[in-house]
Amino acid sequence: MHKAAIERTNETIAAQLTPVGRETVQDRVYSELRRALIGGLFEPNQVLTIRGLADALVTSTMPVREALGRLITEKALEALPNRSVRVPPITLERIDDLLRARSLIEGEAIALAATRMNPRQIASIEAMLGEWDEMRALKHKKDIDREATLNQSFHFEIYRCCGSAVLIPMIESLWLQSGPCIRVAIYAFSDAGEVDTAHYHRRIVAALAKQDAQAAREALVADISRPFAFLRDKLQSAAAKDQT
């Protein structure tokens with residue numbers, strides 16, 4: 001191809017493409033709020049203001065407003081009439097819907113991963129259980145943040161082995177919506193001294209080590225069902241008290 005023709009082709013392509021820029025402030029604000037929601041930093045029904053978030057993130061209100069709009073579209077937040085937003089409240093309908101979706105989608109992801117994970121990847125998630133044991137031995141409430149982070153890392157280390165580029169963003173969206181709910185349950189389990197999450201994670205690791213897809217799916221569903229079952233019981237108990 002002649003040089004002139006190549007130049008014309010490049011000009012045509014350039015006219016149809018948007019230049020790729022560096023990450024914007026809005027992207028960073030969105031990523032930070034998204035991380036906070038998945039990690040359960042915000043509580044269910046908590047009201048968030050644009051100004052308050054802008055001050056906390058040391059930025060202007062514009063990128064916060066735009067990031068909140070994206071999160072509202074993703075059903076992670078709800079818009080309120082006074083231009084503030086809130087984390088969706090916990091309802092029986094919402095927790096049942098989230099649990100059903102997570103069991104189906106994450107169950108499929110772990111079943112796929114069970115036949116694909118190699119010994120090195122299994123060893124990686126086993127090492128996370130060692131970190132968990134060290135953390136739980138401290139028995140400080142401040143470790144709730146670390147517990148939430150380890151829990152997320154454990155699950156996504158497995159899901160990334162499923163071989164599906166479609167399932168991962170779907171799972172991230174479900175975690176974005178259920179993060180605040182799960183945080184409530186983590187605190188309650190810690191106070192009650194119940195069997196911690198590592199017990200359920202060990203069942204998952206054992207199934208993955210055997211490449212048993214069905215056992216891995218069942219162990220995962222048992223793991224993610226526990227906090228939702230706790231929240232359901234809590235809501236039903238509160239409703240019963242209100243009726244007496």
Exercise for review: State all residues of the stretch 55-84 that are closer than 19 Å to VAL184 by Cβ, open to solvent by 10 Å² or more (accessible area, probe 1.4 Å) and in contact (Cβ under 8 Å) with a residue 12 or more places away in the chain; if no residue qualifies, say none.
Suggested key: LYS75
Review point. If ARG70 satisfies every condition in (1) on the phi < 0 side of the Ramachandran plot; (2) at pLDDT below 90; (3) not aliphatic (A, V, I, L, M) but one, which is the exception?
Key: (2)
Practice item. Name the helices (runs of 4 or more DSSP H) wholly inside the stretch 150-244 in which the number of residues that are touching an Asp or Glu at 6+ places or on another chain (Cβ under 9 Å), of a type outside the set (Val, Ile, Thr) and modelled with pLDDT under 85 is 3 or more. Key: 167-192
Check your understanding: For the subset of the stretch 38-54 comprising residues that are modelled with pLDDT of 90 or more and in a helix (DSSP H, G or I), which member is least open to solvent (accessible area, probe 1.4 Å)?
Key -> ALA54
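Suppose the filter is basic (Lys, Arg) and either in a helix (DSSP H, G or I) or over 23 Å from PHE156 (Cβ atoms) (or both); does ARG116 pass it? Full working, then the answer.
Details: basic (Lys, Arg): yes; either in a helix (DSSP H, G or I) or over 23 Å from PHE156 (Cβ atoms) (or both): no.
Answer is no for this residue.
Filtering the stretch 138-149 down to residues that are assigned to a helix (DSSP H, G or I) and charged (D, E, K, R), which residue is modelled with the lowest pLDDT?
Just the residues of the stretch 138-149 that are assigned to a helix (DSSP H, G or I), to begin with: 138, 141-149.
Remaining after also requiring charged (D, E, K, R): 141-143, 145-147.
Values: LYS141: 50, LYS142: 54, ASP143: 65, ASP145: 73, ARG146: 77, GLU147: 77.
My answer is LYS141.
The values are calculated or read from the model by the stated rules, or taken from the named source; none is laboratory data. Not measured: the values here are computed from a predicted model. For neighbour counting, all protein chains shown are included, and Cβ atoms are generated from backbone atoms with ideal geometry for every residue, glycine included. SASA here: full protein model, heavy atoms, side chains in, ligands and nucleic acids out. Shrake-Rupley method; radii C 1.70, N 1.55, O 1.52, S 1.80 Å.
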